[in-house]
């Protein structure tokens, strides 16, 4: 039987809506599940600890869900219907009101060309992306074994701009020859966002 670790990196608490959504996930035959959360660390360190736990206990996949996300019940069913190396759920950016989504297009620009909600609604299935937020992300555990630690870290540029820990990981994944995709069938809510899916 294959195993999935469902883990939440959190500084303090998990929103009740987030926990309820995780509890309400549709179960898939042939998989067993374990829930855990890492509390009190920066997001990059928490994600690295989650990756270590997934490898230590022999999980096949880890589903990371941020403490303010509301994931749909079909999340695992959709992401695992045609499994990929890294699969991201779709959700509006935190504190946005213009419909910007936390997914980046595969363009020569460095993590600036994002999808809009309207663009994603017109797409079907899984799409290749440069990177994106790990508010809802399924990772095949074997990927961590192929990369060097730290898997997640913030990168500060001379300009003062910062590359987030999740997009750093996506870059490492792609450079190692693996795919990063987003599942347009997994439309998540973001509690701190002014835009939600209709």
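The values are calculated or read from the model by the stated rules, or taken from the named source; none is laboratory data. Remember, predicted model here, so these are calculated numbers, not experimental data. All Cβ positions, even for glycine, are placed from backbone atoms using ideal geometry, and neighbour counts span all protein chains on display.
With segment 1-70 as the region, which strands (runs of 3 or more DSSP E) entirely inside it contain at least 2 residues that are within 17 Å of residue 91 (Cβ to Cβ)? Walk me through how you get there before you give the answer.
On the way: elements: 2-10, 31-39, 61-65.
In segment 1-70, the matching strands (runs of 3 or more DSSP E) lie at 2-10, 61-65.
The number of residues in segment 73-96 that are in contact with a strand residue (DSSP E or B) (Cβ under 7 Å, 6 or more places away or on another chain) and within 14 Å of residue 135 (Cβ to Cβ) comes to 11.
So, residue 70, is that one under 21 Å from residue 144 (Cβ atoms) and touching a helix residue (DSSP H, G or I) at 6+ places or on another chain (Cβ under 6 Å) or not? When the stated conditions are applied, residue 70 does not pass them.
Of the listed requirements (1) on the phi < 0 side of the Ramachandran plot; (2) surrounded by fewer than 16 Cβ atoms within 10 Å (Cβ to Cβ); (3) touching a strand residue (DSSP E or B) at 6+ places or on another chain (Cβ under 8 Å), residue 30 misses just one: (1).
Selection of segment 16-41 for residues being under 24 Å from residue 155 (Cα atoms) and more than 16 Å from the chain's Cα centre (by Cα) yields 39, 40, 41. Just one of (1) assigned to a loop (DSSP other than H, G, I, E, B); (2) over 22 Å from residue 168 (Cβ atoms); (3) in contact (Cβ under 8 Å) with a residue 40 or more places away in the chain fails for residue 78. It is (1). Within segment 55-67, restricting attention to residues that are more than 23 Å from residue 130 (Cβ to Cβ) and in contact with a helix residue (DSSP H, G or I) (Cβ under 7 Å, 6 or more places away or on another chain), which residue is modelled with the lowest pLDDT? Only one residue tops the list, namely 67. Filtered by the rule that a residue be in contact with a helix residue (DSSP H, G or I) (Cβ under 9 Å, 6 or more places away or on another chain) and loosely packed, with under 14 Cβ neighbours inside 10 Å, segment 18-27 gives 26, 27.
Taking the conditions (1) at pLDDT 95 or above; (2) more than 16 Å from residue 134 (Cβ to Cβ) in turn, residue 47 satisfies each one other than (2).
If we only count strands (runs of 3 or more DSSP E) wholly inside segment 82-198, which ones have 3 or more residues that are modelled with pLDDT under 90?
On the way: elements: 86-90, 100-104, 114-116, 126-128, 136-140, 180-187.
In segment 82-198, the matching strands (runs of 3 or more DSSP E) lie at 100-104, 114-116.
The residue pairs whose first member lies in segment 133-155 and is at negative phi and loosely packed, with under 15 Cβ neighbours inside 10 Å, whose second member is in a strand (DSSP E or B) and at pLDDT 95 or above, and whose beta carbons are closer than 7 Å, counting only pairs six or more residues apart or on different chains, do not exist in this structure.
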